[in-house]
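Enquirer: My structure is below; once you've seen it, I'll send some questions.
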Amino acid sequence: MSANVIALATSRRPAEIPSLEPVLARRVTVLGSTGSIGISTLDVIAHARATYGQDTMPIEALTAQSNVETLAAQARALHPKLAVIGDPALYTSLKEALAGTRVEVAAGRDAIVQAASRPSDIVMVAIVGVASLVPALRAVERGATVALANKECIVAAGDVFRRAIQASGAAVIPVDSEHNAVFQVLDAADPNEVDRVTLTASGGPFRGWQKDRMQAVTPAQAVAHPNWSMGAKISVDSATLMNKGLELIEAHYLFALPPEKLSVLVHPQSVVHCLVSYADGSTLAHLSAPDMRTPIAHALAWPRRIVSPSRRLDLASLGQLTFERPDPEVFPALRLAQDCLREGGLAPTILNAANEIAVDAFLTKGLGFLDIPRVVEAALGEFGSHSHNLSPANLDAVLAADGQARELAGNICRRMVA
Ligand SMILES: NC(=O)c1ccc[n+]([C@@H]2O[C@H](COP(=O)([O-])OP(=O)(O)OC[C@H]3O[C@@H](n4cnc5c(N)ncnc54)[C@H](OP(=O)(O)O)[C@@H]3O)[C@@H](O)[C@H]2O)c1
């Protein structure tokens, strides 16, 4: 990857810290409001309203893909100007569910992009998968502050985001807990002052298992995360450790860190979210209870802090925090992601697309759990030399590679399941 990378997310506090009033008046759009992160975001805003006043953080737009019932309930409770359902067939259901309200209703993929284009101060990107790419990019292009929960869009199109951020001056505040933690403790005047950034991983539900025991893992077992309550896709990614691999790539782009300065440590309690080690031997860590409402509140209010409803840390009750190295033999997805990080170009795009297809095939089509990294590895191999002629800085090239990798991975899944 290119050496002269700029950080997409700069954690340096601005010279002028705003008073709390303009922070509380920020207008917010939530893309993916019906998912785990979306619901937590609205919970943080509801808590802020109860604390600071009902006009806190007015909502510009909410979007979902197919969950009309939850979207309509959220819209009735929070009065956004616009509610969008991604599946166009559900337009009438949403329209009927919001009859008698002043909420504007729209449907379809383009309408989600339109929602990101509307003039809110902050766009929370909480759509799962690369479906977030175009709406997130639109928010960046219009110079919004982007609270970024979604990691797949940065993994697939980090260079595209870099160019768009350079052009618009948009601010990106990471919401992924480890990256939000790095954002809070990475504060070096010069990149050479940073020796290493370590992201922690819970190890997922199969930490300590041998491979043969994982052969018959079911979707229900894989989504039962020991510490976090999350959507199905990221839960499976946590179980394979692909999530941590995607996060290494995300950290590379967000903080302009070279692959050799990024590492992973398994930490089953999920209390320490990152460690930043500096040249003078200091290591700074970020700790919080495993509750996504903490990084969400931080991202919504940065550079101020607001009261959030998240669980508080009680180290005495926990007693001990433990750390161990990940096992790349048992969890090959992490190694695959690290290889793609080093290779650069479109390799992360292919990795991400193939993984999305493989996880879906595991959840819904009978693909084996251990086959997920096999599908990804095979797709990377089959995609092979195609990737070298394409520039990952170009959105069309990224979308073409993403589509091609999905097709390849789909075929590989079908062969494996047959
Ligand atoms: N959950 C966490 O604790 C956590 C932590 C760190 C990072 N993240 C990242 O945050 C993102 C969201 O994760 P999540 O766990 O909140 O996911 P989730 O619970 O599955 O929610 C996904 C949201 O995206 C919407 N959506 C799904 N497919 C879509 C499509 N094709 N187009 C537009 N919208 C679509 C869903 O709408 P419907 O409800 O209508 O399907 C839902 O609102 C992921 O990238 C994940 O890696 C999550």
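Enquirer: Please work out the FRET efficiency for the pair Ile17 and Ala400, using the Cβ-Cβ distance as r and a Förster radius of 60 Å; give the result to the nearest 0.05.
Expert: 0.85
Enquirer: Related question: Report the one residue of Leu380, Ala397, Val417 whose Cα lies farthest in the direction of the positive end of the charge dipole of the range 332-418 (charges on C-beta: Lys and Arg +1, Asp and Glu -1; origin at the Cα centre).
Expert: The listed residue farthest towards the positive side: Val417.
Enquirer: Sticking with this structure for a sec: Would you work out what percent of the accessible area of the chain, with all protein chains in place, is carbon or sulfur (probe 1.4 Å)?
Expert: Result for the chain: 50 percent of the exposed heavy-atom area is carbon or sulfur.
Enquirer: Here is the link list: Lys81/Lys365; Lys95/Lys151; Lys211/Lys244; Lys95/Lys244. Which ones come out longer than 28 Å on Cα distance?
Expert: Violating the 28 Å limit, Cα to Cα: Lys81/Lys365; Lys95/Lys151; Lys95/Lys244.
Enquirer: Given the Cα-Cα distance of Glu407 and Asn192 and 0.36 nm per residue of separation, how much length would full extension add, in nm?
Expert: Going from the current span to full extension adds 73.2 nm.
Enquirer: How big is the dipole moment of the chain about its Cα centre under a simple scheme where the beta carbon of each Lys and Arg is +1, that of each Asp and Glu is -1, and everything else is neutral? Debye, nearest 20, please.
Expert: Computed about the Cα centre, the dipole is about 700 debye.
Enquirer: About the Cα centre of the range 206-333, how large is the charge dipole given +1 on each Lys and Arg Cβ and -1 on each Asp and Glu Cβ? Please answer in debye to the nearest 20.
Expert: Computed about the Cα centre, the dipole is about 420 debye.
Enquirer: Right, next: Given the convex hull over the Cα atoms of the range 151-309, what projected area results after averaging over all orientations, in nm²?
Expert: Here the figure is 10.6 nm², rounded to one decimal.
Enquirer: By a straight-distance test (C-alpha under 16 Å), which aspartates and glutamates pair with Lys261 as possible cross-link partners, with residues fewer than eight away in the same chain excluded?
Expert: Glu178, Asp187, Asp190, Glu193, Asp195, Glu247, Glu250, Asp280, Asp339, Glu343
Enquirer: Given Pro258, Leu186, His298, which one lies farthest toward the positive end of the charge dipole of the chain, if we put +1 on the Cβ of every Lys and Arg and -1 on the Cβ of every Asp and Glu?
Expert: About the Cα centre, the residue reaching furthest to the positive side is His298.
Enquirer: Using a/c under 1.5 as the rounded threshold, could you call the range 323-394 rounded, prolate or oblate? The axes a ≥ b ≥ c are square roots of the C-alpha gyration tensor eigenvalues, and prolate needs a/b larger than b/c, oblate otherwise.
Expert: oblate
Enquirer: To continue, here is another question. Got a sec to turn the phi values of the range 186-196 into Karplus ³J(HN,Hα) couplings, 6.51 cos²θ - 1.76 cosθ + 1.60 with θ = phi - 60°, whole Hz, x for Gly and Pro?
Expert: Couplings: 8, 8, 10, 5, 9, x, 5, 6, 9, 7, 7 Hz.
Enquirer: Next question. Extent of the range 52-111 along each principal axis, from alpha carbon coordinates, in Å, largest to smallest?
Expert: 39, 23, 16
Enquirer: Compute, for the range 92-153, the length of the dipole vector about the Cα centre, with Cβ point charges of +1 (Lys, Arg) and -1 (Asp, Glu) only. Units Debye, rounded to 20.
Expert: 20 debye
Enquirer: Find the accessible area per residue for the range 304-418; the probe is 1.4 Å, ligands and nucleic acids are left out, and the unit is Å².
Expert: On a per-residue basis, 50 Å².
Enquirer: Another one. Counting only heavy atoms of the protein chains, get the accessible area per residue of the range 185-276 (1.4 Å probe) and round it to a whole Å² value.
Expert: Value for the range 185-276: 35 Å² per residue.
Enquirer: Quick one: Cα centre-to-centre distance for the range 255-322 and the range 109-166, in angstrom?
Expert: Centre-to-centre distance over Cα atoms comes out at 24 Å.
Enquirer: Please identify, among Thr34, Thr364, Thr200, the residue showing maximal mean-square fluctuation in a Gaussian network model of the chain using a 10 angstrom Cα cutoff.
Expert: Of Thr34, Thr364, Thr200, the most mobile in the Gaussian network model is Thr364.
Enquirer: Let me ask something else about it. Give the whole-number value, in cubic angstrom per residue, of the convex hull volume spanned by the C-alpha atoms of the range 289-418.
Expert: About 182 Å³ per residue, rounded to a whole number.
Enquirer: Across the chain, how large is the tail of the calculated P(r) beyond 26 Å, expressed as a percent of all Cα pairs?
Expert: The answer is 53 percent, as a whole percent.
Enquirer: I'd like the Karplus ³J(HN,Hα) series for the range 273-279: coefficients 6.51, -1.76, 1.60, θ = phi - 60°, whole numbers in Hz, and an x wherever there's a Gly or Pro.
Expert: 9, 7, 10, 10, 9, 9, 4
The values are calculated or read from the model by the stated rules, or taken from the named source; none is laboratory data. As the structure is a computational prediction, the values presented were derived from the model and not from experiment. We place every Cβ from the backbone using ideal geometry, glycine too, and count neighbours over all the protein chains shown. The accessibility values were calculated without ligands, DNA or RNA, using every heavy atom of the protein model including side chains. Shrake-Rupley method; radii C 1.70, N 1.55, O 1.52, S 1.80 Å.
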